[in-house]
Structures are given as C-alpha cells and as structure tokens.
Amino acid sequence: MTLQIDSLATSANEAQSEVEIDQLDEQLVTLDATILGAIERRTELARILAAAKGDAEGPTDSTSFDALGSDGSVFSRVLARIASSTR
C-alpha cells in the first residue's frame, strides 16, 4: 500500500512538474516573439537612421549590450548585420 501512495505522490509531482515545464515553455515562446518584434523594430529604426545620416553601413557597434560581456559585442554586430543585409 505504501508503494502505491508513494507512486501517486510521485505521479502528482511529475504532473505538476510537466505543467510548470509547459508554462515555462509557453513563456519562452512568448518572450521569443517579443524579442523578434523588438529586433524587427530596431532594424527598421537602424535603416531609417542610416538613411538620414547617409551612412551606407548603418549604425556602428554600440556599448548597449556590454552587460552581456563578450557576447554583447557579438550580439551588437549581429544586429548591425541584420539591419544592413536586409535593406
């Protein structure tokens, strides 16, 4: 009998854990969509800025992402590349 009770408790914990995992997954999907929207808007603004400045290469690397460490400069360059390659 104890085995069955323990088994039920484990099943309940697993079910709760699966629900939490599903909720976290949904939050990540929502956050990814938000990030993508922000990148698209940033790209649009970078293109407008580059056109206004007459700058063919767009904005230079910024220090906005320094909090990410060395990945921040990589991220900044990726954003700049997206803005310049999809004009």
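How high is the FRET efficiency between L49 and Q23 when r is their beta carbon distance and R₀ equals 35 Å, given to the nearest 0.05?
Working from the Cβ atoms, E equals 0.35.
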Self-check item: Area accessible to solvent at E26, 1.4 Å probe radius, in Å²
Solution: 120
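Quick one: if the Förster radius is 22 Å, what FRET efficiency do E14 and A38 give, using the C-beta to C-beta distance and rounding to 0.05?
Numbers: r = 36 Å, r/R0 = 1.63.
That gives a FRET efficiency of 0.05.
The values are calculated or read from the model by the stated rules, or taken from the named source; none is laboratory data. This one's a predicted model, so the numbers in the text were calculated from it and none came from an experiment. Neighbour counts are summed over all protein chains in view; Cβ atoms, including those assigned to glycine, are modelled from backbone coordinates with ideal geometry. Areas reflect the complete protein model, heavy atoms only, side chains present, ligands, DNA and RNA absent. Shrake-Rupley method; radii C 1.70, N 1.55, O 1.52, S 1.80 Å.
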